[in-house]
Amino acid sequence: KKFDEPPLNADPDIPVTMTIAELKAKYSAIGDFQTLQDDKVISGIVTADDRTGNFFKQIVIQDETGGIPIIIDVNSLYTMYPVGRRVYVKVKGLMLGDYGGTIQLGLDSTRSSDGRFLNLGRIPETLLGAYLVKGSFDNAITPQIVKPSDFTGAINDPLIGRFVQINSAEFRDADLVKTYANAASPTTESARNFTIKPCNDTKSIVLRNSSYATFAGLNVSQGNGPLVGVASVFNGTIQMTIRDTSDVQFKGARCNGQTPVGTTKTITQLLQYATGDSTIPAGTWIEAVIVSDTKNEAAGNYRLQEGTAGIQIRFASGNNPDPGALGDKLKVYVGGYRFSIFNGGLQINGADVSQTTGTAIITPRVATIAQITQNMRAWESTVVTINNVTISGSGSNYTINDATGSLATFVRTTAGITMPTAATSITGYVTVFKPTGGTDQAQITLRTAADIVGGSTTEPPTGGGINLGTTSPFLLNFDNIGSGLPEGVKAYTGASATALGTEAAFTSTATAWNNTSGAFKNFASATGLTATTTLAD
């Protein structure tokens, strides 16, 4: 019976006539190898492929009733049967066998060299089309949450072959210095076993990793958390196999309450992973100072600076630092993450483990707008001060100008910042923004109103004051100061930010200069003037 290939990302019109659990039920004991005679079809979603090399020449499929590995004599199976793809299998003519107690589906069998064991053969590439039919892509797979004590290890254990998750799991203390496998010498140690034990169970499970896996040389995760993978059994030992290190989310405090250990890198070192297809090594932490303020940032976004380098960390929902205030020194776990670009800005997205270790002050880099524009990527997420600026704009969008150029800034209504028309200096951190269809642009983001020094939002009042006339310098007449104000000086009451107020009559009893109040007294004290001092003096 022949089946047509389905349209792109669609399932073929093939009736499924057997569940995976029904298929595995035919296998009653270890070594019960059998060629299937029933003209049946099973279907399942691929839960594991060979993309990283931790699964070799096999895929694992799963339906609602169970999971089963299919062994195939082809490399790079993930290009045809990636995780999430539905696969239909015509089982007639295939063989059921087991490897150490894990039921598998293959073709034919051979005896081991000593004649003691049967080995299930792989389906050759030339026969794939006769047995496997490709279905739709990107089907969701959700791991079943289990504990090690839930497994029986029996040949009919329904959890064997399934995609499962064990919560609150961790490596043993003695294993924290190891890598996932022996990448340096895979021929002498083809795989490496680890004992994994959750905090809430008395039993443990073995995590087995191939030394040929692409992640074999990475340090194991240091903390505690969920572990997902495909369950198997080998000679009575329950095992799990991961697809890649993203299946090991050990980022929380360990069972003994200790924070995960690991390597603390500088941000400059971390930025080496910002190019190409690089994953930050497991066990990596950074420790830096928060230079942003949540009132003027997107939810979950924090800018951290250490030395002269900075980075944007976007925390997963519900995992923001506590308190996460401007000036807090923060230690953040970044192992296993990748850098990404969002709207032009470089970020690490999804971080969920951090701890506040103190406070610190970052001294801003004093720079011109031209220098910031030229170095925007190198200075991104670091604090700068720009001197002698003018400011234009309204609402939330403003432009900062100095003698060398201009920068945009966005002020959120929650920030509580009133922008002036000019300032002696303005401080904030450098951001990079890429508008749709445009190129990267340098911007600056303020934290609080204190970032603006010497700002003025209104023009000075006009009228009144000392009439300077048309000559320079202006001569102030101090004749007869004892009987009033100096010539040309007026006194006002009720002054405000926009008006001088009302001119007031000013009379006083004749007195010496150094007994006169206010600014004139200060001047008199400094110069030794007397009540009889004249303009000529």
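Can you give me the long-range amide H partners of Arg365? Hydrogens built in the peptide plane at 1.01 Å from N, cutoff under 5 Å, separation of 5 or more residues or another chain.
Under 5 Å from the amide H of Arg365 lie the amide H atoms of Val383, Val384, Thr385, each far enough along the sequence or on another chain.
Testing the spin-label approximation: label points 7 Å from Cα along Cα→Cβ at Thr404 and Thr356. State their distance in nm.
Placing both labels 7 Å along Cα→Cβ, they lie 3.6 nm apart.
Based on a Kirkwood Rh over C-alpha pairs, give the Stokes-Einstein translational diffusion coefficient of segment 265-359 at 37 °C and viscosity 0.692 mPa s in µm²/s.
It diffuses with D of about 250 µm²/s by this estimate.
How would you rank 175-183, 224-232, 354-362, highest first, on the average number of other Cβ atoms within 10 Å across their residues?
Ranked from most to least packed, the peptides come out as 224-232, 175-183, 354-362.
Pairs to check: Lys265/Lys329; Lys251/Lys295; Lys265/Lys434; Lys57/Lys90; Lys40/Lys147. Give those whose C-alpha atoms are more than 24 Å from each other in this structure.
Result: Lys251/Lys295; Lys265/Lys434; Lys40/Lys147 exceed 24 Å.
FRET efficiency for Lys92 and Lys178, Cβ-Cβ distance as r, R0 = 41 Å, nearest 0.05?
0.35
What is the Cα centroid distance between segment 94-149 and segment 300-331, reported in whole angstrom?
When both Cα centres are located, 47 Å separates them.
Could you name the aspartates and glutamates whose alpha carbon sits less than 20 Å from that of Lys331, not counting residues in the same chain fewer than 8 places away?
Here the aspartates and glutamates satisfying the reach criterion relative to Lys331 are Glu287, Asp293, Glu297, Glu306, Asp322, Asp352, Glu380.
If R₀ is 45 angstrom, what is the calculated FRET efficiency for the pair Asn388 and Asn200, using the beta carbon separation as r and rounding to 0.05?
The formula returns an efficiency of 0.15 here.
Report the dimensions of segment 144-247 along its three principal axes from the alpha-carbon atoms, largest first, rounded to Å.
Sorted largest first, the three principal extents are 37, 28, 21 Å.
Using 0.36 nm per residue, how much length does the chain from Asp322 to Asn256 gain when fully extended, once their Cα-Cα distance is taken away?
Roughly 21.6 nm would be gained on extension.
If R0 is 22 Å, what FRET efficiency do you get for Gln34 and Ala130 from their C-beta distance, rounded to 0.05?
Given R0 = 22 Å and the Cβ-Cβ separation, E is 0.70.
Read-outs throughout are calculated quantities, based only on the coordinates presented, and are distinct from any laboratory measurement. It should be emphasised that the depicted structure is a prediction, and the values quoted were computed from it without experimental measurement. Backbone-built Cβ (ideal geometry, glycine too); neighbour counts: all protein chains shown.
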